[in-house]
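Here is the structure we will look at.
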Amino acid sequence: MSDFIERSKFSCALGGALSTIAAIPKAVPIVHASGGCAAALSGTYNLSAGYRGVGYCGGNMIPTSNISQSHIVFGGESKLEGQIEGTLKYIKGDLYLVVTGCQTEMIGDDAVGIADRYRDQNVIGINTPGFLGNTLRGYDAVLSALVKNFIEKKEEKAPKTINLLGIVPGHDVFYRGNIGHLKNLLEKIGVKANTFFGDGESVEKIKNYGDASLSVVVSETAGQITAKAFETVHKIPYITTELPIGPKASERFLRLIGEKLGIDTAVIDKVVEEETKYFYSYFERIVDVASDLDFQRYVVAITDSYYAYPLVDFVSEELGWIPHFVAVNDLQDKSKQEAYTKKFENLTSQTKPSVIYEDKFSYVKKKLRASWPYNNNQKYYDSLGPLYIIGSVVERNLAADYGAGFLTVAFPVSNRAVLNKGYAGFRGALSLVEDLLTNLVASR
C-alpha cells in the first residue's frame, strides 16, 4: 500500500452516485452490490450532509441485489434481473438507475447490459464501482449517463437557457440553497437554468435539457465530464467558473454568462445595481459592530476547490479578513493546482495565503502549525490570532486548539441541520456573514 486514507471527506463513487440520485425527483436507485453498501453510503450522506434526509427512495429503502459469496463465484446477473423486475413492480418511480459496486464489477457482471433490456421502462445502467473514484466521480457518472442515454437531442437551442453543473448534492451540503440563489439570480437577467436538483425540477424536465445553449460548471473537479458529454452528444459548449459568493463574485458571474449568451449589458447593470444595493442595505447593519468589536480575523480555509477560493475571496474582499492558509483536498493534477493557486493572486489583500493541496488532516494540521513562527519561550510572542477556521466538522478540534472561530461549510457537516440555506450569490452571502459572525458572539 503506497498511501492511506485518513478521516476521508469523500465517499467512493457509488456513494456519490447514490447521493446524486437521491436528489433527482422520483428517481429510484437499484444497487447491484453486496449487502451493506447501499444503506451505509446513503446513511453517510444523510447524517454528514446537514441531515439532508434520504430522498424519495434512499436509506434502508434502496433496492439492492445484495449479492453474496455464491454470486461472486457463479455470477450475480440473474439476481440483478430479479431485483429490477421486483423494483419495477413494487416501487413507483419516474426513473430507475442501476448502479454497481466493486464486487460485481470485479467479477464481470454486465449490469448495464441487463438494465438496457428494461430501457422502455426508464431503466438505465451505470458503472459506479468504488474504485472508479470519489464522490465527485459518482456524480459525473450518473449525470453523464443521463446526458448520453436519457436526455433527448434538440436541434433547436433555447438562446437563454443554460445547464448548471458542478453543484454536487450532499457533498455540497448547501446544494439546494445554492442552486436556488443562482437560479433566481439568473432569472433576473432573463436566463433559465436547468439544475437537475433544484426546486420545481422533474424527470420530464430533465429529459429536455438538450435545448440549452450553454453549460456552466462552477467546479474544477465536478461536472467537467458531464459538460463534455453535453458538448459531444448535444453540441452544447461549456465554460468553467467559480461558485459566486458575494457582490463582486456574483457580478463577475453574471457578466461572464451575459457575455456568452449575448445578454444586453444594460440588463445586467440594472440587476447588479439592485442586488448590490440590497446586499449592502443589510450588510451595513453590522459594520459598526464588526469594527468596534474588532471582528477582523486571520482566516484558514480547509475545503475542496469548489468552496476554497470563493470563501476566501469573499471574507477577504468583503469582510476585510486576512487570508492566511488554504488547504484544498480534491485537486490532484499539478497543472490545475498551479492555475488554482494563481487565483489567490487576484485578492486585493496585501497578505496572500499559503495554499497547499492535501487531503489528510494530520498533514494539514502540521503544515498549518509550520506556517507561523514557533514560540521558543520568548518573553513576548505574537501568536496566530485572532483566527477563524472555515472547513468541515473534522476541523472542529483544530479550531478549539487555536481558540479560533469556526464554521462548517464543506462536507462532512454533522453539527448543523441544513434545509434551504445557501451561500451563493448576493443574498446567500448575507447568510454566510450571519453564520460567521454569529459564531463569534454565540457565547455572549
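Tell me which of these ASP199 doesn't satisfy, since it passes every other one: (1) acidic (Asp, Glu); (2) at pLDDT 95 or above; (3) open to solvent by 10 Å² or more (accessible area, probe 1.4 Å).
(2)
Condition (residue is in a loop (DSSP other than H, G, I, E, B) and in contact with a Phe, Trp or Tyr (Cβ under 6 Å, 6 or more places away or on another chain)) applied to the range 207-215: is it met by at least one residue?
no
Scan the range 79-110 for residues that are closer than 24 Å to PRO25 by Cβ and either of a type in the set (Asp, Glu) or assigned to a helix (DSSP H, G or I) (or both) and jot them down.
GLN83, ILE84, GLU85, GLY86, THR87, LEU88, LYS89, TYR90, ASP94, listed by residue number.
Yes/no per residue for (1) assigned to a helix (DSSP H, G or I); (2) at pLDDT 95 or above; (3) farther than 28 Å from LEU185 by Cα:
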residue	(1), (2), (3)
LYS260	yes, yes, no
ILE263	no, yes, no
GLU273	yes, yes, no
LYS277	yes, yes, no
ARG285	yes, no, no
VAL289	yes, no, yes
ALA301	no, yes, no
PRO310	yes, yes, no
LEU331	no, no, yes
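Can you say whether ALA17 is modelled with pLDDT under 95, assigned to a helix (DSSP H, G or I) and open to solvent by less than 40 Å² (accessible area, probe 1.4 Å), as far as the supplied structure shows?
no
How about the range 113-131: which of its residues are over 20 Å from ILE24 (Cα atoms), at pLDDT 95 or above and either aliphatic (A, V, I, L, M) or assigned to a helix (DSSP H, G or I) (or both)?
GLY113, ILE114, ASP116
Return the residues of the range 65-115 that are polar (S, T, N, Q), farther than 24 Å from PHE131 by Cβ and without any contact (Cβ under 8 Å) to a residue 40 or more places away in the chain; say none if nothing qualifies.
SER78
Checking GLU187 against (1) in a helix (DSSP H, G or I); (2) open to solvent by 10 Å² or more (accessible area, probe 1.4 Å); (3) touching a Leu at 6+ places or on another chain (Cβ under 9 Å), only one condition comes out false. Which one?
Just one mismatch for GLU187, condition (3).
Considering (1) in a helix (DSSP H, G or I); (2) closer than 27 Å to TYR56 by Cα; (3) not polar (S, T, N, Q), say which one GLY200 fails and leave the rest.
Failed condition: (1).
Quick one: what pairs do we get from the range 143-156, first residue aromatic (Phe, Trp, Tyr), second surrounded by 15 or more Cβ atoms within 10 Å (Cβ to Cβ), C-beta under 8 Å, 6+ apart or different chains?
That search, which allows pairs on different chains as well, returns PHE150/LEU95; PHE150/ASN122; PHE150/ILE124; PHE150/ILE206; PHE150/LYS207.
Tally up the residues in the range 340-375 that are open to solvent by 40 Å² or more (accessible area, probe 1.4 Å), closer than 18 Å to ARG297 by Cβ and in contact with an Asp or Glu (Cβ under 8 Å, 6 or more places away or on another chain), please.
So the count comes out to 2.
Identify all residues within the range 376-407 that are touching a helix residue (DSSP H, G or I) at 6+ places or on another chain (Cβ under 6 Å) and open to solvent by 70 Å² or more (accessible area, probe 1.4 Å); write none if there are none.
Residues satisfying the conditions do not exist here.
In this structure, does ALA417 turn out to be part of a loop (DSSP other than H, G, I, E, B) and open to solvent by 70 Å² or more (accessible area, probe 1.4 Å)?
In short, yes.
Determine whether the range 150-167 contains at least one residue that is under 19 Å from the mean Cα position of the chain (by Cα) and assigned to a helix (DSSP H, G or I).
no
Condition check ((1) over 19 Å from GLY385 (Cα atoms); (2) over 26 Å from the mean Cα position of the chain (by Cα)) across all residues:
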residue	(1), (2)
TYR238	yes, no
ALA266	yes, yes
THR276	yes, no
TYR298	no, no
LEU319	no, no
HIS324	no, no
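Looking at (1) more than 28 Å from LYS207 (Cα to Cα); (2) surrounded by fewer than 23 Cβ atoms within 10 Å (Cβ to Cβ), can you tell me which one PRO25 breaks?
Result: PRO25 passes all but (1).
So if I check each of GLN337, GLN378, which one is out of contact with any Asp or Glu (no Cβ under 7 Å at 6 or more places or on another chain) and either part of a helix (DSSP H, G or I) or of a type outside the set (S, T, N, Q) (or both)?
Going through GLN337, GLN378 in turn, just one is out of contact with any Asp or Glu (no Cβ under 7 Å at 6 or more places or on another chain) and either part of a helix (DSSP H, G or I) or of a type outside the set (S, T, N, Q) (or both): GLN337.
Would you mind telling me which numbered condition in (1) touching a residue at least 12 places away in the same chain (Cβ under 8 Å); (2) closer than 23 Å to LYS9 by Cβ SER349 fails?
The number of the failed condition is (2).
Tell me yes or no: at least one residue of the range 56-70 is at pLDDT 90 or above, over 29 Å from the mean Cα position of the chain (by Cα), among the hydroxyl-bearing types (Ser, Thr, Tyr) and surrounded by fewer than 22 Cβ atoms within 10 Å (Cβ to Cβ).
Within the range 56-70 (the criterion being at pLDDT 90 or above, over 29 Å from the mean Cα position of the chain (by Cα), among the hydroxyl-bearing types (Ser, Thr, Tyr) and surrounded by fewer than 22 Cβ atoms within 10 Å (Cβ to Cβ)), the answer is no, since none of the residues qualifies.
How many residues are modelled with pLDDT of 90 or more, open to solvent by 40 Å² or more (accessible area, probe 1.4 Å) and of a type outside the set (S, T, N, Q) when one looks only at the range 71-80?
Of the residues in the range 71-80, 2 are modelled with pLDDT of 90 or more, open to solvent by 40 Å² or more (accessible area, probe 1.4 Å) and of a type outside the set (S, T, N, Q).
Starting from the range 1-28, take each residue that is under 18 Å from ALA115 (Cβ atoms) and among the hydroxyl-bearing types (Ser, Thr, Tyr) and list its partners that are open to solvent by less than 20 Å² (accessible area, probe 1.4 Å) and assigned to a helix (DSSP H, G or I), counting only C-beta distances under 8 angstrom and pairs at least six apart or across chains.
THR20/GLY138; THR20/TYR139; THR20/VAL142; THR20/LEU143
Identify, from the list ASP330, ASP304, ASP269, ASP313, the residue that is open to solvent by 50 Å² or more (accessible area, probe 1.4 Å) and either in contact with a strand residue (DSSP E or B) (Cβ under 8 Å, 6 or more places away or on another chain) or not hydrophobic (A, V, I, L, M, F, W, C) (or both).
ASP269
The values are calculated or read from the model by the stated rules, or taken from the named source; none is laboratory data. In this text, all values refer to a predicted model and were calculated from it rather than measured experimentally. We place every Cβ from the backbone using ideal geometry, glycine too, and count neighbours over all the protein chains shown. When the accessible area is computed, the model is the full protein with side chains, heavy atoms only, and any ligands, DNA or RNA have been set aside. Shrake-Rupley method; radii C 1.70, N 1.55, O 1.52, S 1.80 Å.
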